[in-house]
Each structure stands twice: as C-alpha cells, then as structure tokens.
Amino acid sequence: MLKQMSYKKIIICVCAAVAVIAVALVVLLSKKEEAFRSIMVYDVEGSAVIERETVGSMDAAENLYLESGDRVSVASDSSMRMKLDDDKYVMAEADTIFSVEAEGTDADSKTKISLEQGAITNEIQHPLSEGSQYETSTPNSVMAVRGTIYRVELYVDENGDQNTKLCCFQGKVGTKPILADGTYGEEILVPAGSELIVYKDGTVDEVKDIVYEELPSQAIENLISMAENGQSMTGISLEELTQLASEKADVIKSSESEAGLSEQAEQSETVEAAVKNDAEEEEDEQMQAKTDTAKNISAQSVKEDREPAAPKPSVEQPVPQPQTLPGTPPTQQKAVQPVNSGNVENGNTDGGDSQEDNNENDSTDDGSNDDDSDDDKSDHDKPDKDKPDHDKPICTVTFVYQGKTFATQTVFRGETVSAPMLMPALSGQWDFDFGTEIEEDTTINWT
C-alpha cells in the first residue's frame, strides 16, 4: 500500500515537472519569435506618418517599433529607413506609400512589402532560410528574393499608366507580372546590374543594363551608404557613385539658381510694369494739364481778338490820330478836346455845335500824342515779336528705356524739357542735356 502511494507521488511530480518545462518552452519560443520579427523605424529625414488599424495615425520617429499590417506614408522632400529583424532594411524615398507584413519565425519568416506609390530600396544582407520568404508587390507585379539588393519604383508614364521599374544591384530577383485577368505570368529572372519594366497590362520590356544616370539622387545616396558599409553594386563602383551624386547635386543647384533668377526677373518685370503704369499716369496728367493750358491760351487769344483793349483810366482820353503813310508829308491836325460842362451852360447841347466850337479853339497837332495812341492798341495790332508765342509748333519728346517708350512730354518749339520724375532703373541716366532748347520731335534714351 505504501509502495503504491510512493509511485503515485512520483508520477505526480514527474507530470508537474513536464508541465513546467512545457510552459517554459512556450514562453521562450514566443519571446524568440517576437524578438526576431521586430520592425523598427531606423531613420527619418523630414516627416512620415504611420497608420495602424487599432491606433490610427501617428508620426514616424527613430526607434519607433511598427506592427505587422502598418501603413507608411513618406512626405515629399523626405525619406525613411526601416529595419526588419537584424539584417533586412527598407529605404523609402520621397512621396512613397507602402504597407508591411512580417510573420513567422527564424525558420519560416514571411515578409511582404506592398508598394502603392513611390519607390523603395531593399537590402537583405543574409540569405533567407529554405522555409522563409521576402516579397515586394506592386499593382502589376510580385518580386521574390532570397538575398539581394534591389529597388522597386512605381512611375506614371506619358499616357497616365502606372508601371513598375525593377533594378537589381546585387544577387537576383524573380519577377512575376500580374496579367489583365488577375493571373500571374511566367516568372522572369533579373540578374545583378540589370533592370526590367513591367507595364500596367502585365506586359514586360526586355531585361537590360541599369542606367545609373537615370536614378534619382535619393537612390544614389542609398547605394553610396550601402557601399560604404561594405556592399558592392554590379556595374558601378563607390567612386563612380560619389561622382554621379556630385553631378546630380550640381544640376539641382543650377536648377535652383535658374529658378531664383526667373523669380527675380518676374519681380523686376512687376516693378517695371508698376513704374510704367505710374509713368503713364503721370504722362496722362501732364498731357491733360498741357491740353487745359492750351485751351485757356486759345480762349484768351480769341477773346483778345474779339474785344478791344480797355482804355487806360485818365481824366482826358486822347483820340488816336491817323497814321502817316511813309513818303507822305505830315498834315496838321486839330486836337479834339473833350466836351466840358461849360457847353451845357451856354446852351450848346447839340453835338455838332459843340464840335464846331471846339474846332475853333483847337491848336495845331504837332504829333506829340502819337506815343499815347500806340499804347492803346490791342495785342493783335502789335508786331509779331511782341505777341505771345501761341502759334509756335508743339514738339513731342519721347523717353525710351530698353527699346520701349517709358514716358513722353510735349513742349513748344524753343522751350526746354525736364527729366521724368520717375527713373526706369536704379542705375543709369538720360542721355540728354536738359538745358537744350527743343526745336523738333526728339527721342531721349536711358543709358
């Protein structure tokens, strides 16, 4: 009986030990799987957003761990590097959207990168185990690798179709196009140093050598980074990659400089247009003022021609004497005296009688009153040299800047012209002596 009890205790202890060992194995295996399938944001330049079904959106940051199924959106002028496990890297370029799935263990890991937009470069440093998979998919193709470096880009051609471009830098990539009916086409093997284009409808181009000069600057920088860490790229060396990056940087700098000059030119044209508008407004105002002045002068001239000059205020107004023609002996004229109030007292109210009485008392005119009669002549009886210059021709002065009319002025012939109030440019001057009298239509250039 005691022996039976001992056997039971032994059995119970053995079962308990087995259970503890089983639990420990499960814990260890689960920890190993979790540690192996880690997905971490390795580096971020600019900004990127992570979308997770259970959380929503969050900003990507260095050392942030992702979960299988997360969707990543990299902003323009930005880039992001992601590290899977300990030996797999995904480098996403600007304006790229992709999702990542990572499952399994070291013996049967399954990794899938689904590219929706943009471009990514994949680096698998160590060959995968026999039961593991690493795929990159696009809307029209699926690429499978075992250990390689390759870049996948989705681009839109001139017809608006989205195509896939694959570049293999190391190892080899097996590509299956997705046909229009959704089935897979025959697998195509793309070796290192080669590229392949899969079109929207699943048709493919011929496999050809990579044209490294056509790669964008971010892709070149990624290749340089891997080459500096000991990786080799088929068809190009680190020195050639560095030279190519320098040339692309110079092109970008030159483009930015040209864009800056273009912007400055646009600003200069805007300023010139504003100056021209101001000059035209000033010109219109000057022309209107000259027109008004000309009208006033013309109206005054007509008025003077129609109305005799007003007599000078005087107690005794002399009567103008007839002029003596040249070569004719002067005749003695009697001065006409003003009628006074004495004639009324004497009863001489008749104008004729008064005139006769005055004529009897007149003395002989000796010509001493000729100057007074000349003072009472109107302007239209004066010589031309004493008249205002109303009949002088009007001359037009045109100011020209860079072959275009900047401003115009009108002046009477023989007058001087003044420089415009506004200058067409910060440096230079009008090629003209503004003390010179204008005798004809004149053009003045800015130098």
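The values are calculated or read from the model by the stated rules, or taken from the named source; none is laboratory data. Keep in mind that this is a model prediction, so the values were computed, not measured. Every residue, glycine as well, gets a Cβ built from its backbone with ideal geometry; the counts of neighbours run over all protein chains shown.
I'm trying to understand the selection: among the residues of the range 222-271, which are small (Gly, Ala, Ser) and in contact (Cβ under 8 Å) with a residue 12 or more places away in the chain?
227, 232, 235, 245, 249
State whether one or more residues within the range 207-226 are farther than 27 Å from residue 141 by Cα and surrounded by 12 or more Cβ atoms within 10 Å (Cβ to Cβ).
Yes, the range 207-226 has at least one match.
Here are the criteria: (1) at pLDDT 55 or above; (2) assigned to a loop (DSSP other than H, G, I, E, B); (3) exposed (fewer than 13 other Cβ atoms within 10 Å of the Cβ). Tell me which single one residue 231 does not satisfy.
(3)
Criterion first (part of a helix (DSSP H, G or I), out of contact with any strand residue (DSSP E or B) (no Cβ under 6 Å at 6 or more places or on another chain) and under 16 Å from residue 121 (Cβ atoms)) does residue 245 satisfy it?
Yes, satisfied.
Let me spell it out: the conditions are (1) of a type in the set (Val, Ile, Thr); (2) touching a Pro at 6+ places or on another chain (Cβ under 6 Å); (3) within 21 Å of residue 109 (Cα to Cα), and residue 198 meets all of them except one. Which number is the exception?
(3)
Filter the range 115-135 for residues that are without any contact (Cβ under 8 Å) to a residue 24 or more places away in the chain and either of a type in the set (Gly, Ala, Ser) or under 18 Å from residue 97 (Cα atoms) (or both) and give the result.
129
Report the residue count in the range 109-152 for those that are in contact with a Pro (Cβ under 7 Å, 6 or more places away or on another chain) and over 16 Å from residue 187 (Cα atoms).
The qualifying residues number 1.
Counting only residues that are surrounded by 22 or more Cβ atoms within 10 Å (Cβ to Cβ), of a type outside the set (Asp, Glu) and touching an Asp or Glu at 6+ places or on another chain (Cβ under 7 Å), give me the strands (runs of 3 or more DSSP E) lying completely in the range 121-190 with at least 2 of them.
Ranges flagged: 162-170.
Within the range 77-133, can you find the residues that are farther than 20 Å from residue 146 by Cα and either more than 43 Å from the chain's Cα centre (by Cα) or at pLDDT below 95 (or both)?
Residue satisfying the conditions is 77 alone.
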